Each structure stands twice: as C-alpha cells, then as structure tokens.
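Novice: One structure follows; several queries about it will come next.
The values are calculated or read from the model by the stated rules, or taken from the named source; none is laboratory data. Quantities reported herein were computed from a predicted structural model and do not represent experimental measurements. Every residue, glycine as well, gets a Cβ built from its backbone with ideal geometry; the counts of neighbours run over all protein chains shown.
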C-alpha cells in the first residue's frame, strides 16, 4: 500500500474514464442530428477519450519500476503528447466548425437558435473577425 | 510430413500464379468493363500474394492499395464517364461463373495452405523466432568486437537505416533521384507560374485567430521534432525522408492556416530549390567521400563505402564515432542531406500547388495568344 499502489489505481481510473468517453462519443457520433452537434461528440472523443487516458498511461508508466530509467522517458513523452492534444483538439474543432458554417457545407437542420446569423445580419460581426 | 510443409509455399505460389493467369484471361475477354476491372483487381490480389511469398512485404504494402484499390477506382471512374460495354465477343455467362467459382476456390485453398505453412498467423504478437536473414542483420549492423563481424558491420543500431543507406545504398540513391526528377518535372511544367506579389494582411487573410495562435506554437515544435527524427536516423526508427516529410507539414500548415503570401516570406521557391540542390550535393558527397579520401591519400576506396573493413587494411572508410558519439560513418551525412532535400522538395511542391488559378490562367492565355 505505497504511493505506487495509489498511483496505479488513479491511472486505471483515468483509463476507464477514457474508455467510457470513447463509447459516449461513438454513440453521439451515430445519434446526433447534424454536423455541429456531432463535432461536440468528436471533441469528447479527443479530450475525454485521448487526453485523459494518455495521462493515465503516463502515470502508469511512472509506477513500473522494472522499466528502469526509461519509464521517465515514456511518462514525459506521454504528458507532452497529452498537453498537445488538449491544446490542439479544440483548435481543430473550431476551425472545422467555422469552415463548415461559412462554406454552408453542413445543413443546420434541427435549429434552436443561430445567434451568429442574427449578428451577421445586424452587421455587428463580419466573417473575417470570427 | 515436414518435407510437405516446406513445399507448401511453392504450391501456393504455383496456384496463385495460375489463378492470376485465369483472372487476366477473364479481364481480357469480358465485355462488361466494370467486371473486367474487378478481374484485374483479383489478378492484382494474387500478385500481392506472390510478392508476399517472395519475401518482399514492402512491395506488398505499396502494391495492395495502389493496384487493388486506387487503380481500380480510377478505372471505374473513367468507365462511368465513358461507356460501359466493349464491342468484343464475350464468353458465355455459365463459363464465366465457373471460372469465378474456380478462382474463389483457388483463393480459399491458397489462404488455407498459407495458414498451414505458418506464413500468415492470427497471433497478436509476432513469433519470437526470427528468420536467419533477420538474425544476421540484427547481429551484424551494430558494433562488435570480432573482426569478421566488423567486416560486414555498418556500426548502426538501426538495422533499417543500415540496410537502406549502407548495404543497399545504390538502390536508395536511385530512389532519391526518382523523386528529384519528379520535382524537376513539376518545376518544368510550372516554370512560368509565379505566386503573385501581394502583401500579407493579418486581419483579412487566413483562418481565425485561434487557428493562427495554435499554429504559431505548433510550427517550431514540428520543425524541432522533424530535425530530431532526421538526425537520429542512425539510432532510432526514422531517418532523413521521414524527418523531411514531417518538416514539410509545417510548410503546408503555414499555407493553409495563414496564407500562401505569409509562407513565401520564409520559403521562396528559388531558395528552396537552392537548398534542395545543397542536400543532393551532400548525398552525392557522402556516396563518394571514401573514394575521394582514398584518391587523396593513395589508398583504395569504393563508392558507398561506409566503414573500413579489417579484412582489407588498404581500404579507407569513415570513423563510426566522434568523441564517443555514434555517428555511423556516412549514415549521418546521408540522413542530414536527405532531410534537407526532402523537406525543400515538398516545400516546393506545396508552394507550386498553392499558386492561384487566375495567375496560372493568365500565363496559359499569354502563351496561346
């Protein structure tokens, strides 16, 4: 019951959260009605399903003492990868959503409200500044 | 029984060669062109099997997607645009059905025999015992004390780079020149095309500020990782080509996220051509450096010579380490030069592809009139 044991438990919990998020994202991908809501499912997949389990794997790598010093390389690479995914996955979703919205490639069919459209009509927002 | 097992790959080869011949015959006589494309894809599948049995898995990896997938897709697309039937006396439907069934049966038999001969396994982890050839490479590519192993050694722990740039250096040299010629061809076609001179405006060009900020963080990281992949080619998986392609991603990101007018600030086409030529000169120099040293000192040398061979003391070679750092002789020079050449080659291609259509049309109209 040392520190290693607690870290192992934490890492398995994180990997489990990742698996759960992947399943939820898969269901969302299939069930959501249009492109923009599906993008939300894709972001769950990227952040919940990739960032969290990679952090878990890095912590797990830290606890494996039989790997010797190379476990620090594994863990460091894992943390850097996770942080980059956390930074860049929202950027990718944002660019996809913007491109799909302004090129009108995705149909916004079950629409509750489109505040951006109203703002553009009023002239408060231009396309290049969004 | 064990003798039969040794025969099985040859039987599979014979069967798949026969089946591919049948598929070629069917592809020729078939009137329905879509079906003919299908037969040709079947023939390509058998060829892939043959390549696999002849122990060239790298060819299979290229051949299957290109010949079975891409080529068939292009053909089907072309057939859709033109006409579906060819005016040739076809064979009767029953005969074609029989032959199709035969081909399927042959495929199943061949697959079963392949599994029986342990050429294909369904195990998750690869088998622990390697082939004799693999064992030879694994034991000889890295440094060893025994002089007779040093005779064959490339002094590099990365067996793939050792094979690519040392044992089969001449092959790789010509592969590099194929890509060089392809880019020369692209440049020759686009010799009058120019990216128009326009000032880059931060607020009106490119994608949103979120994307631009993320790309500003990412591009230096990509270049650093790419240089690391390229220069560690003789130590870890990777190498010059892989590093160059990774670095080229940075150029494409700059073109797509910012603008081509932003990218030309850093990568002008003529500068890129110059740097590419420097990289190619580096490759040629690394190929001939041993013979140049030999000519200068009066010893013997060969092209693509890497390490000095203990068995022939009159031949020169490059040292495998400098100050305790493993550089594997010419492999480091090869990787660095290939990195520069590939990086700049892809940068040229991306810049040429992003020339606006209006300026291309202007050039073409000018040539017609």
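Novice: Among what's in segment A:108-126 and is in contact (Cβ under 8 Å) with a residue 60 or more places away in the chain and exposed (fewer than 11 other Cβ atoms within 10 Å of the Cβ), pick the residue that is nearest to residue B:203 (Cα to Cα).
Specialist: A:109
Table: residues versus (1) under 24 Å from residue A:99 (Cβ atoms); (2) in contact (Cβ under 8 Å) with a residue 12 or more places away in the chain; (3) surrounded by fewer than 14 Cβ atoms within 10 Å (Cβ to Cβ).
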| residue | (1), (2), (3) |
| --- | --- |
| A:4 | no, yes, yes |
| A:7 | no, yes, no |
| A:21 | no, yes, no |
| A:36 | yes, yes, no |
| A:41 | yes, yes, no |
| A:47 | yes, yes, no |
| A:55 | no, yes, no |
| A:65 | no, yes, yes |
| A:71 | no, no, no |
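Novice: Right, another one. I'd like to check which helices (runs of 4 or more DSSP H) are fully inside segment A:33-130 and have at least 1 residues that are out of contact with any strand residue (DSSP E or B) (no Cβ under 9 Å at 6 or more places or on another chain) and within 14 Å of chain B (Cβ to nearest Cβ). Before you say what the answer is, go through the steps one by one.
Specialist: Details: elements: A:35-46, A:52-63, A:70-103, A:115-122.
Because the criterion is at least 1 residues that are out of contact with any strand residue (DSSP E or B) (no Cβ under 9 Å at 6 or more places or on another chain) and within 14 Å of chain B (Cβ to nearest Cβ), the helices (runs of 4 or more DSSP H) in segment A:33-130 that meet it are A:35-46, A:70-103, A:115-122.
Novice: Given the criterion assigned to a helix (DSSP H, G or I), closer than 30 Å to residue B:160 by Cβ and touching a helix residue (DSSP H, G or I) at 6+ places or on another chain (Cβ under 9 Å), identify the matching residue among B:19, B:48, B:27.
Specialist: Among B:19, B:48, B:27, only B:48 is assigned to a helix (DSSP H, G or I), closer than 30 Å to residue B:160 by Cβ and touching a helix residue (DSSP H, G or I) at 6+ places or on another chain (Cβ under 9 Å).
Novice: Within the bounds of segment B:266-283, is there any residue that is under 17 Å from residue B:166 (Cβ atoms) and either assigned to a helix (DSSP H, G or I) or touching a strand residue (DSSP E or B) at 6+ places or on another chain (Cβ under 6 Å) (or both)?
Specialist: Within segment B:266-283, one or more residues are under 17 Å from residue B:166 (Cβ atoms) and either assigned to a helix (DSSP H, G or I) or touching a strand residue (DSSP E or B) at 6+ places or on another chain (Cβ under 6 Å) (or both).
Novice: On the given criteria, is residue B:298 within 14 Å of chain A (Cβ to nearest Cβ), at positive phi, out of contact with any strand residue (DSSP E or B) (no Cβ under 6 Å at 6 or more places or on another chain) and at pLDDT below 85?
Specialist: no
Novice: Continuing with the same structure: Just one of B:249, B:224 is more than 30 Å from residue A:125 (Cβ to Cβ), surrounded by fewer than 17 Cβ atoms within 10 Å (Cβ to Cβ) and within 14 Å of chain A (Cβ to nearest Cβ); which is it?
Specialist: When all the criteria are applied, what remains is B:224.
Novice: Also, quick follow-up: Consider residue B:363 carefully, then state whether it is closer than 30 Å to residue B:257 by Cβ, assigned by TED's automatic domain parsing to the domain that holds residue B:236 and modelled with pLDDT under 85.
Specialist: Taking the combined requirement at face value, the residue satisfies it.
Novice: Here's something else I'd like to know. From the list B:333, B:348, which residue is in contact with a helix residue (DSSP H, G or I) (Cβ under 9 Å, 6 or more places away or on another chain), within 16 Å of residue B:186 (Cβ to Cβ) and assigned to a helix (DSSP H, G or I)? First the steps, then the outcome.
Specialist: Working: B:333 fails: within 16 Å of residue B:186 (Cβ to Cβ).
None of the other options fit; the residue is B:348.
Novice: Would you mind stating whether residue B:262 is in the same structural domain as residue B:203 (by TED's automatic domain parsing), under 26 Å from residue B:184 (Cα atoms) and within 25 Å of the chain's Cα centre (by Cα)?
Specialist: no
Novice: Right, something else. Residue check: is residue B:183 under 30 Å from residue B:330 (Cα atoms), under 28 Å from the mean Cα position of the chain (by Cα), within 14 Å of chain A (Cβ to nearest Cβ) and surrounded by 13 or more Cβ atoms within 10 Å (Cβ to Cβ)?
Specialist: Details: under 30 Å from residue B:330 (Cα atoms): yes; under 28 Å from the mean Cα position of the chain (by Cα): yes; within 14 Å of chain A (Cβ to nearest Cβ): no; surrounded by 13 or more Cβ atoms within 10 Å (Cβ to Cβ): yes.
No: the conditions fail for residue B:183.
Novice: Let me ask another. Determine, yes or no, whether residue B:319 is out of contact with any strand residue (DSSP E or B) (no Cβ under 9 Å at 6 or more places or on another chain) and either part of a loop (DSSP other than H, G, I, E, B) or free of Cβ contacts under 8 Å to residues at least 40 places away in the same chain (or both).
Specialist: Against the criterion (out of contact with any strand residue (DSSP E or B) (no Cβ under 9 Å at 6 or more places or on another chain) and either part of a loop (DSSP other than H, G, I, E, B) or free of Cβ contacts under 8 Å to residues at least 40 places away in the same chain (or both)), residue B:319 qualifies.
Novice: Right, another one. Kindly provide the set of residues from segment B:347-357 that are in contact (Cβ under 8 Å) with a residue 40 or more places away in the chain and farther than 15 Å from residue B:227 by Cβ, ordered by number.
Specialist: B:348, B:349, B:350, B:351, B:352, B:354, B:355, B:356
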